[in-house]
Amino acid sequence: MLEPLTRILLWAAVGLIIWYVLLRLIPRNYLTWFGGLVVLVLIVLSFVDRDSETVEMIWDIISLPLNPLGLSVLFLAFSLKDGSQKVNGNQVVAAFLVLLLASMPLISRFLVNRAEQSVQEAFNNQLNICVQVCPEGQATLAEVGNTMRAIVVLGDSQMDTGQLIETVSDEEGERPPSPTTAMVPRLLRAASLYGEVRARGGAPWMIVTMKREDSEKEQAKATAIRQQLSANGVPIERIEVQALGTDIRKSADEAREFLEGRQLIAPGQRIMVVTPALSMRRASLTFSKVFRDLQVRIVARPTGFYITRPDNSDDLLVRLRDLFPSVEALSTTSRVVDEYLTWGYYFLRGWLPGFNVIWTNVVEVWGQ
């Protein structure tokens, strides 16, 4: 009862916030009931069906004011509502503070550490438990390697695979791409995991998702990804590259359809999910819910931790550096905020379990 009620209240809050913003941006005389109804219908569609590029663009616009940069721009726009000669100073100050705080390494580090803490603690705790020997009933890779049916590597719009194309030589088509982007370490990690599973009797599929592009770019990216994986021990015939965008739910649905179509799914089998630690909980819980009725277990394998330790130097200038704004800190803060917004979106859609679910109870987290 609590979960549906929470979802309803969140839907109401989202609607009120959007309506308030529309009233501030659009004069009330022009925001007729008909116009408002059209806008609300488009907003509802953005939650019901994100397969359409138009609807996806609408969702991006809706969520823009909720990230640090978008919120700052919104405050500045409001401050100019009465013209440049009558700027609202309070709103300018608000925009300045949002940008300043979001771009401070100290704030950025705190937010990302909080976001990744549960993932880091789960793996550290398991590592400590299994230092000598894992307790009875605790699965290990050596024991479940032959139950692994797929390794799913989730793509990310901010870790684009586009630069992989530049590393593919036209004259030497067999030469694999060099690891020059943030996506490549994820592919290398997945290839290493494939080798470990293969050595223990498994023969999983390697499923990689990537951004949607025009057909020519998609083909070039898919070729680059296959070359990278095959050069590191993954058979080319076991690689499936899917242009699904960054929607983890759609990736889970497509992975299920792909494996069911080849009759590779049965109770007690496993699927490994490889994605950055920042989105690991959401990704693993989403996959767990999609495959729950099939009694398939999800194995979490995070990569790309942002967690860093504060500099304990006694040098005052070194410590003050954490207060100096930087583009990197703003980017990291924006990623954390975007993950929280997406988590809320997934919860509203019913793609995640309730708040009382502990993710490590429904997802397998273990070491080698």
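Read-outs throughout are calculated quantities, based only on the coordinates presented, and are distinct from any laboratory measurement. Please read these numbers as outputs of a predicted model, since none were measured by experiment. Here the Cβ positions follow ideal geometry from the backbone for every residue, glycine too, while neighbour counts run over all protein chains shown.
Output ³J(HN,Hα) for region 248-260: one whole-Hz value per residue in order, computed from phi by the Karplus curve 6.51 cos²θ - 1.76 cosθ + 1.60 with θ = phi - 60°, and x for Gly and Pro.
Each residue of region 248-260 in turn: 5, 4, 5, 4, 5, 4, 5, 5, 5, 4, 4, 6, 5 Hz.
Would you mind checking which residues have amide H under 5 Å from residue 208's amide H? H placed 1.01 Å from N; only 5 or more apart, or other chain.
153, 240, 241, 242
So what J values fall out for region 84-96 if you push phi through Karplus, 6.51 cos²θ - 1.76 cosθ + 1.60 with θ = phi - 60°, rounded to Hz, Gly and Pro as x?
Working through the residues one at a time gives 5, 7, 10, 6, 7, x, 4, 6, 5, 4, 4, 4, 4 Hz.
In a shell of Cβ-Cβ distance under 15 Å around residue 293, excluding residue 293 itself, what net charge do Lys and Arg (+1) and Asp and Glu (-1) give?
On the way: positive: 256, 289, 292, 297; negative: 253, 257, 260.
Summing Lys and Arg as +1 and Asp and Glu as -1 gives +1.
In terms of Cα to Cα distance under 26 Å, which lysines are near enough to residue 211, apart from those fewer than 8 places away along the same chain?
221, 250, 289
Hey, can you grab everything whose amide H is under 5 Å from the amide H of residue 232? Only 5+ residues off in sequence or another chain; H modelled, so Pro and N-termini drop out.
none
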